[in-house]
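Visitor: One structure is given below, represented as structure tokens, and several questions about it will come after.
The values are calculated or read from the model by the stated rules, or taken from the named source; none is laboratory data. Treat the numbers as computed from the prediction; the structure is a model and nothing was measured. Cβ atoms come from the backbone with ideal geometry, glycine included; neighbour counts cover every protein chain shown.
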Amino acid sequence: MKVSIVIPNFNGRNLLQKNLPKVEKAAGNAEILIVDNNSSDGSNNYIKNNFPKVKLVVEKKGQGFASSVNQGVSKASGDIIVLLNTDIIPENGFLEPLLKNFDDPKVFAVGCLDKSHEKDSIIERGRAVARFTRGMLIHSRGEVNKKNTFWVSGGSGAFRKSIWEKLKGMDDLFNPFYYEDIDLSYRAVKSGYKILFERKSIVHHYHEEGVIQTNFGVKEIEKIAFRNQFLFIWKNITDFKLLLCHIFYLPYYLLKAIFHKDRSMIIGFINALERLPIIIKKRIEVLHNYSVSDKEIFNQFSL
């Protein structure tokens, strides 16, 4: 299997300078593509001048994570696409255990063990669990001693390109960031494919240096996160009882947000509501692909 590593970049020259040599070392013979999302920090020239083996894809108009990744995947020649964020450093040998999982043709994606460097500690992440409760999706870090996972991160995961194309990749509805990889994973599982977690494939993640934290304010991040949570539910949940539960609890969440002056949630909800016609169209387009129910998925990946 041929491997392509796709790295989306937005004003991440400092991270590339520090991390890209280590990515090249760990990549072996894998193709490396960097998709630049209209950076203004000289990232493009830096890549051209210092990494001649890296394929640079330049987006003239910055759109967001999903769009950048889709662009990179479309240009990649590999059968397996490994997505890495600029704040990720893979350990040498991380590819081999990932690739073994793809011997099963039903496997769409495999996530890495993410050693997350957070202040003075390292937290092992990469496997996710979730439940649908009180009308909302609640997802969190799962223990790393199991193979199943609710979603595979777009920041450190491997994806089979042929299935990626059948699923039409990440949905740019979620631009600029958040929930696009959860959405893709959920659609894959609902369509009958498998996603897995591989604890032997290790990467190091330096969150505090990442693009989102350095380029967006806390309130803006919160608005986008709330908006995309609503978008995910409205787009993907087809079980009548779960949808009814969501509708029932919506007034409670909105009144609570108003009482606590939580502008981020209110604005996020309004922004999601503005996209409702697009969501309805997308729901209709993918319904025929689904063979697994929402309840089956949540039973499998419950907290």
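Visitor: Tell me which residues, restricted to the stretch 123-174, are of a type in the set (S, T, N, Q) and in contact with a strand residue (DSSP E or B) (Cβ under 9 Å, 6 or more places away or on another chain).
Guide: The answer is 140, 145, 148, 149, 153, 156.
Visitor: Another one. Under 8 Å by Cβ, and 6 or more places apart or on different chains, what pairs join a residue from the stretch 86-97 that is touching a residue at least 60 places away in the same chain (Cβ under 8 Å) with one that is loosely packed, with under 15 Cβ neighbours inside 10 Å and part of a helix (DSSP H, G or I)?
Guide: 92/25
Visitor: Of all residues in the stretch 117-128, which are buried (at least 16 other Cβ atoms within 10 Å of the Cβ) and either at pLDDT below 95 or among the aromatic types (Phe, Trp, Tyr) (or both)?
Guide: 117
Visitor: Take residue 232 and decide whether it is free of Cβ contacts under 8 Å to residues at least 24 places away in the same chain, within 27 Å of the chain's Cα centre (by Cα) and closer than 24 Å to residue 290 by Cβ.
Guide: no
Visitor: What are the residues in the stretch 274-295 that are over 18 Å from residue 192 (Cα atoms) and either surrounded by 15 or more Cβ atoms within 10 Å (Cβ to Cβ) or touching a residue at least 12 places away in the same chain (Cβ under 8 Å) (or both), if any?
Guide: 275, 276, 278, 279, 282
Visitor: Kindly indicate whether any position in the stretch 280-295 is out of contact with any Leu (no Cβ under 9 Å at 6 or more places or on another chain), of a type in the set (Val, Ile, Thr), within 21 Å of residue 64 (Cα to Cα) and not assigned by TED's automatic domain parsing to the domain that holds residue 66.
Guide: Checking the stretch 280-295: not a single residue is out of contact with any Leu (no Cβ under 9 Å at 6 or more places or on another chain), of a type in the set (Val, Ile, Thr), within 21 Å of residue 64 (Cα to Cα) and not assigned by TED's automatic domain parsing to the domain that holds residue 66.
Visitor: What's the number of the condition residue 67 fails, among (1) hydroxyl-bearing (Ser, Thr, Tyr); (2) in a strand (DSSP E or B); (3) within 15 Å of the chain's Cα centre (by Cα)?
Guide: For residue 67, the failing item is (2).
Visitor: Would you point out the residue of the stretch 149-190, among those that are in contact with a Lys or Arg (Cβ under 8 Å, 6 or more places away or on another chain) and more than 23 Å from residue 77 (Cβ to Cβ), that is surrounded by the fewest Cβ atoms within 10 Å (Cβ to Cβ)?
Guide: Here the answer is 173.
Visitor: Any idea which of 63, 17 is in contact with a Pro (Cβ under 8 Å, 6 or more places away or on another chain), farther than 16 Å from residue 155 by Cβ and in the same structural domain as residue 153 (by TED's automatic domain parsing)?
Guide: Going through 63, 17 in turn, the sole match is 63.
Visitor: Can you pull out the residues in the stretch 58-92 that are of a type in the set (A, V, I, L, M, F, W, C), in contact with an Asp or Glu (Cβ under 7 Å, 6 or more places away or on another chain) and either crowded, with 18+ Cβ neighbours inside 10 Å or farther than 22 Å from residue 14 by Cα (or both)?
Guide: Matches in the stretch 58-92: 65, 66, 76.
Visitor: Within the stretch 111-158, can you find the residues that are within 23 Å of residue 229 (Cα to Cα) and among the hydrophobic types (A, V, I, L, M, F, W, C)?
Guide: 128, 129, 130, 132, 136, 137, 138, 150, 151, 152
Visitor: From 175, 148, which residue is closer than 15 Å to residue 66 by Cβ and either among the polar types (S, T, N, Q) or within 13 Å of the chain's Cα centre (by Cα) (or both)?
Guide: 175
Visitor: Answer yes if at least one residue in the stretch 17-36 is closer than 16 Å to residue 85 by Cβ, in a loop (DSSP other than H, G, I, E, B) and in contact with a Phe, Trp or Tyr (Cβ under 8 Å, 6 or more places away or on another chain), and no otherwise.
Guide: no
Visitor: Is it true that some residue in the stretch 106-115 is over 21 Å from residue 184 (Cα atoms) and either under 15 Å from the mean Cα position of the chain (by Cα) or in the same structural domain as residue 33 (by TED's automatic domain parsing) (or both)?
Guide: yes
Visitor: Being within 21 Å of the chain's Cα centre (by Cα) and surrounded by 17 or more Cβ atoms within 10 Å (Cβ to Cβ), is that true of even one residue in the stretch 236-246?
Guide: Within the stretch 236-246, one or more residues are within 21 Å of the chain's Cα centre (by Cα) and surrounded by 17 or more Cβ atoms within 10 Å (Cβ to Cβ).
Visitor: Moving on to the next point. Given the options 248, 230, name the one that is touching a helix residue (DSSP H, G or I) at 6+ places or on another chain (Cβ under 7 Å) and not assigned by TED's automatic domain parsing to the domain that holds residue 190.
Guide: Of 248, 230, the one residue that is touching a helix residue (DSSP H, G or I) at 6+ places or on another chain (Cβ under 7 Å) and not assigned by TED's automatic domain parsing to the domain that holds residue 190 is 230.
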